[in-house]
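One structure below.
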Amino acid sequence: SADVAVTVSPPSSVGPGLEFTYTVTVTNHGPDDANNVSLDSPLPAGFTSKGNSGDCTTAFPCVFPTLASGASVEVDVAACVPRDFRTNPVTLNASATSGTTDPDSGNDSASVDVPLIASIFADGFDCP
């Protein structure tokens, strides 16, 4: 079995028309290696992906064939908030599954709320 856990490290805030980045971490707390780990972090409706970096540079879902016991992977997710977006807070979600039995499914997903703050520096256009 392998206890796969997910955390989301958000930015301090996001703003309409601006790009932001958050980090999703998947950790295998063991005791065995986790096989076929699939990570997903769907963006809120209307948001635009600006790409992933770190341990996964493809679009979600990211698949890791083997995640050793005690190992972690990190994915930096860049996204753009639509300029007309007004829902506050913005909720960021992530979840992981594995082909290995997970004894603690309660930490297989994570969700964080991030304040939406209008910026005087936003030009009223969607980020490039």
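The values are calculated or read from the model by the stated rules, or taken from the named source; none is laboratory data. Because the structure is predicted, anything quoted here is derived from the model rather than measured. Using ideal geometry, Cβ is built from the backbone for each residue, glycine included, and neighbour counts are taken over all protein chains shown. Remember, those area values only see protein heavy atoms, side chains included, never the ligands or the DNA or RNA. Shrake-Rupley method; radii C 1.70, N 1.55, O 1.52, S 1.80 Å.
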Rounded to whole angstrom, the alpha-carbon centroid of segment 1-34 lies from that of segment 48-92 at a distance of 8 Å
As a test of the definition: which semi-axes, in Å, follow for the chain when you take the square root of five times each eigenvalue of its alpha carbon gyration tensor? Largest first, please. 31, 13, 10
Carbon and sulfur: what percent of the chain's accessible surface (1.4 Å probe)? 51 percent
Where does the longest stretch of the chain lie that holds no chymotrypsin sites (Phe, Trp or Tyr not before Pro) found in a DSSP loop with 11 or fewer other Cβ atoms within 10 Å? 1-120
Taking the chain as a Gaussian network, where each spring joins two C-alpha atoms under 10 Å apart, which residue of Pro61, Pro103, Pro115 fluctuates the most? Pro103
Would you mind classifying segment 16-76 by shape? Square roots of the alpha carbon gyration tensor eigenvalues, ordered a ≥ b ≥ c; an a/c under 1.5 is rounded, otherwise it is prolate if a/b is larger than b/c and oblate if not. prolate
Averaged per residue, what accessible surface does segment 1-97 expose to a 1.4 Å probe, in Å²? 45 Å²
